[in-house]
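Encoded as structure tokens, the structure appears first; notes follow it.
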Amino acid sequence: MNGDQHRPLGHQYALAMLNGGEESVRKLATTAGTQLTLDAFLRVQDEEPVPAFLHSALCAMSLPTKRPKDDTQPIVREDGKYALAINPRPVLQNVDGKSVMRSLGVPYGAYPRVALIYLLSQAVMKQSRDVYLGRNFTEWMRRLGYQTVSYGPRGTANLMREQVDRLLACEWQIRWDGTDTEDNAFAVRDVKISNEYAGSLDKNGSFAREIRMSEAFYSHLIDHAVPLNEIAIRELKGTPTALDLYTYLAYRLPRIGSDKGQVISWDQLAKHLGNEADSKRFRQTVRETMQIVSAVYPNANVDLSGRKVILHPSPAPLERKLVGPHLRLVGGEAPKTAPRSSVKPAHAAKSAPAKDDAPTLPFPAGSLSYGTREAVFRQIALTKGHPWSVDDMAAAFRKGCPDFSRPRTDSEWLRIWEKFVVAYAERRANRSDD
């Protein structure tokens with residue numbers, strides 16, 4: 001594997017898996033890897049991907065990795081057009097038999113990240129604001145991947161409960177500075193993830209088994225959910241920086257349209273990850289963290305070896321194919337075409353010229369909420385069919401499209417699909433006005 005040693009371990013494992021199977025991967029790990037990265041890689045490859053989701057703003061900008069000096073102050077993050085503010089509002093609590101208003105502080109560390117991904121994933125997949133947690137806190141922790149749940153002052157259950165209470169007591173603001181009229185809708189002001197949340201324990205002291213997500217946050221989430229792999233989240237759940245790097249790459253890499261990639265500075269990456277360590281220490285931390293991240297996301301094509309960070313177009317984490325023509329390895333031959341972005345604009349999909357040798361395919365089956373190919377169809381539905389359900393539109397399209405069973409090229413499907421979505425939204429709107 002000449003020249004491969006500078007690539008992230010996940011890349012190296014993927015190439016070894018292709019060339020010699022699991023035995024080749026294990027042999028490589030004895031010299032180039034660790035047991036931790038090997039186990040994570042094999043578990044992610046052995047299990048079918050399980051869809052998980054996180055809001056795009058929370059992929060681009062992270063929670064604090066450790067407790068701030070004054071955790072009662074709001075956290076503000078900025079990333080280009082995005083701005084995120086997390087404000088720890090006071091909540092009513094019983095202290096020594098008296099009701100007092102007290103700020104719980106901002107959430108920090110790995111626990112709120114894992115909890116947040118679970119809560120948002122359940123809302124997206126069930127298309128419901130009501131999220132069921134479990135019969136008790138131990139069951140919920142196990143749902144999150146914590147097989148050993150301990151109680152006591154520093155037990156995992158109490159640490160998680162504290163962070164969840166902090167997370168859901170905060171008010172959130174998300175701003176998007178856009179120039180188009182539609183961009184201005186990308187703004188959520190002064191909302192809680194759950195307006196009705198008063199703590200992980202009900203008034204009688206029992207575990208609160210369900211939360212209801214606030215309508216404003218839920219509506220925004222449905223339109224801006226980034227697909228992740230729950231199996232990967234379980235492997236990274238103990239390290240906040242690894243979770244941040246994974247979710248950032250899952251959000252950013254599939255959206256890079258140029259096969260030349262995108263270059264950002266280390267300071268820019270530190271801003272994304274909310275890291276305040278000195279530059280040299282930060283680079284070392286990220287390079288080390290990338291080894292475990294690449295083990296669970298081997299298709300993530302990132303060059304961290306130089307003075308700049310180079311992000312290459314890569315498929316989303318749910319893509320099962322390890323390495324192929326859709327992925328340009330570091331130092332490898334460039335692909336003939338860039339991977340399709342999961343947020344490719346509808347007008348771009350419409351105007352793309354069809355190639356004579358383009359394959360004919362059926363219309364995507366199942367939900368359009370995840371999948372690399374499905375993402376382009378979903379984006380058209382979100383853009384042209386708002387506020388109607390994407391999957392309801394897809395179901396109606398499958399029933400009503402003439403000669404639906406005939407395979408077509410994607411450019412043909414996208415053209416027909418866009419016309420249908422526009423007409424569907426108009427019909428529903430007219431029906432609502434009657």
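This table checks each residue for (1) in a helix (DSSP H, G or I); (2) at pLDDT below 80.
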{"site": "Thr148", "(1), (2)": "no, no"}
{"site": "Asn158", "(1), (2)": "yes, no"}
{"site": "Gln163", "(1), (2)": "yes, no"}
{"site": "Ser194", "(1), (2)": "no, yes"}
{"site": "Lys203", "(1), (2)": "no, yes"}
{"site": "Ile211", "(1), (2)": "no, no"}
{"site": "Ile222", "(1), (2)": "yes, no"}
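Annotation note: of Ala429, Ala425, the sole residue that is more than 16 Å from Leu361 (Cα to Cα), outside the structural domain of Ser219 (by TED's automatic domain parsing), out of contact with any strand residue (DSSP E or B) (no Cβ under 7 Å at 6 or more places or on another chain) and surrounded by 17 or more Cβ atoms within 10 Å (Cβ to Cβ) is Ala425. Taken over the stretch 83-138, the criterion of being surrounded by fewer than 16 Cβ atoms within 10 Å (Cβ to Cβ) and within 24 Å of the chain's Cα centre (by Cα) is satisfied by Lys126, Gln127, Ser128, Asp130, Tyr132, Gly134. It is to be established whether one or more residues within the stretch 145-156 are crowded, with 17+ Cβ neighbours inside 10 Å, at negative phi and within 17 Å of the chain's Cα centre (by Cα). Within the stretch 145-156, none of the residues are crowded, with 17+ Cβ neighbours inside 10 Å, at negative phi and within 17 Å of the chain's Cα centre (by Cα).
So Arg373 passes all but one of these: (1) crowded, with 19+ Cβ neighbours inside 10 Å; (2) at pLDDT below 85. Which condition number does it fail? Against the list (1) crowded, with 19+ Cβ neighbours inside 10 Å; (2) at pLDDT below 85, Arg373 comes up short only on (1). Listed by first and then second residue, the pairs with beta-carbon distance under 6 Å, at least 6 apart or on different chains, first residue in the stretch 76-100 and in the same structural domain as Ile174 (by TED's automatic domain parsing) and small (Gly, Ala, Ser), second surrounded by 11 or more Cβ atoms within 10 Å (Cβ to Cβ) and part of a strand (DSSP E or B), are Ala83/Arg175; Ala85/Val76; Ala85/Gln173. Across the stretch 36-49, a minimum of one residue is classified as closer than 26 Å to Thr138 by Cβ and buried (at least 23 other Cβ atoms within 10 Å of the Cβ).
If I filter the stretch 252-271 for residues that are surrounded by fewer than 20 Cβ atoms within 10 Å (Cβ to Cβ), without any contact (Cβ under 8 Å) to a residue 40 or more places away in the chain and more than 15 Å from Asp303 (Cα to Cα), do I get at least one hit? Looking through the stretch 252-271, at least one residue is surrounded by fewer than 20 Cβ atoms within 10 Å (Cβ to Cβ), without any contact (Cβ under 8 Å) to a residue 40 or more places away in the chain and more than 15 Å from Asp303 (Cα to Cα).
The values are calculated or read from the model by the stated rules, or taken from the named source; none is laboratory data. Because the structure is a prediction, the values reported are computed rather than measured. Every residue, glycine as well, gets a Cβ built from its backbone with ideal geometry; the counts of neighbours run over all protein chains shown.
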